[in-house]
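The structure appears below as structure tokens.
The values are calculated or read from the model by the stated rules, or taken from the named source; none is laboratory data. Remember, predicted model here, so these are calculated numbers, not experimental data. Don't worry about glycine lacking a Cβ; one is built from the backbone with ideal geometry, like all the others, and counts go over all protein chains shown.
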Amino acid sequence: MEFLISAFLFFLPAGVANATPVFANRIPWLRRWKTPLDLGKSWRGIRLMGDNKTWRGLISGTVMGGVTSLLTSYFFIPNSGDPLFIFLVGAALGAGALTGDAVESFVKRRRGVMPGKSWFPFDQTDYIIGGLVFVYPLTFIPFILMIAILLLYFGLHLLVGYLGFLLGFKQHPI
């Protein structure tokens with residue numbers, strides 16, 4: 001059980017970062033900042049990522065990943081190290097999670113999957129893989145911990161997505 005708690009706490013910044021763009025879009029003074037990551041560019045007549053992947057989402061999610069890492073460290077692992085490094089690890093997890101989501105969006109468009117439509121299981125794993133790739137240069141992650149994170153956060157993504165559907169934040173349960 002302690003191993004799953006460790007996996008949960010370590011990767012929590014990526015999970016928070018992945019959810020942050022939805023909430024950042026609801027903050028009135030941030031809503032105006034909706035520049036898409038692809039800057040409106042297309043490739044072969046198809047938008048690279050579309051209007052839903054924004055700089056607001058990437059930056060707010062990256063910052064919230066760092067803040068979440070600091071808070072997790074402070075409350076659950078006191079005196080765990082350099083706060084700047086802890087923030088950078090969380091920011092890397094957050095930036096990786098959102099970059100993974102953006103890359104998946106690019107591929108999804110190339111495959112003809114419409115925006116907002118589910119692409120199981122890629123919609124549930126893109127942020128996990130992205131977060132792990134971005135944080136790997138900063139800290140060693142044992143393979144077994146990577147597998148635990150993948151399984152745990154895959155399941156959590158399904159659960160949170162379904163709750164978001166029930167609460168009206170999402171149009172589809174998966």
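Some notes on this structure:
- Flag for Pro115 being more than 25 Å from Ile46 (Cα to Cα) and either surrounded by fewer than 17 Cβ atoms within 10 Å (Cβ to Cβ) or of a type in the set (Ser, Thr, Tyr) (or both): no
- Every residue from region 7-31 that is over 18 Å from the mean Cα position of the chain (by Cα) and either surrounded by 11 or more Cβ atoms within 10 Å (Cβ to Cβ) or closer than 18 Å to Gly94 by Cβ (or both): Ile27, Leu30, Arg31
- When Val89, Val67, Val103, Val63 are checked against the criterion of being part of a helix (DSSP H, G or I), modelled with pLDDT of 90 or more, under 21 Å from Leu152 (Cβ atoms) and within 17 Å of the chain's Cα centre (by Cα), Val89 stands alone in meeting it.
- Single residue of Asn18, Asn25 found to be farther than 23 Å from Ile147 by Cβ and in contact (Cβ under 8 Å) with a residue 24 or more places away in the chain: Asn25
- Counting the residues of region 32-60 that are in a loop (DSSP other than H, G, I, E, B) and either on the phi > 0 side of the Ramachandran plot or crowded, with 17+ Cβ neighbours inside 10 Å (or both) gives 10.
- Boolean, Gln124 is in contact (Cβ under 8 Å) with a residue 12 or more places away in the chain, surrounded by fewer than 13 Cβ atoms within 10 Å (Cβ to Cβ) and not small (Gly, Ala, Ser): no
A quick yes/no check of all residues on (1) hydroxyl-bearing (Ser, Thr, Tyr); (2) assigned to a loop (DSSP other than H, G, I, E, B); (3) under 15 Å from Leu93 (Cβ atoms); (4) at pLDDT 95 or above:
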position	(1), (2), (3), (4)
Lys117	no, yes, no, no
Phe140	no, yes, yes, no
Leu145	no, no, yes, no
Leu156	no, no, yes, no
Ile174	no, yes, no, no
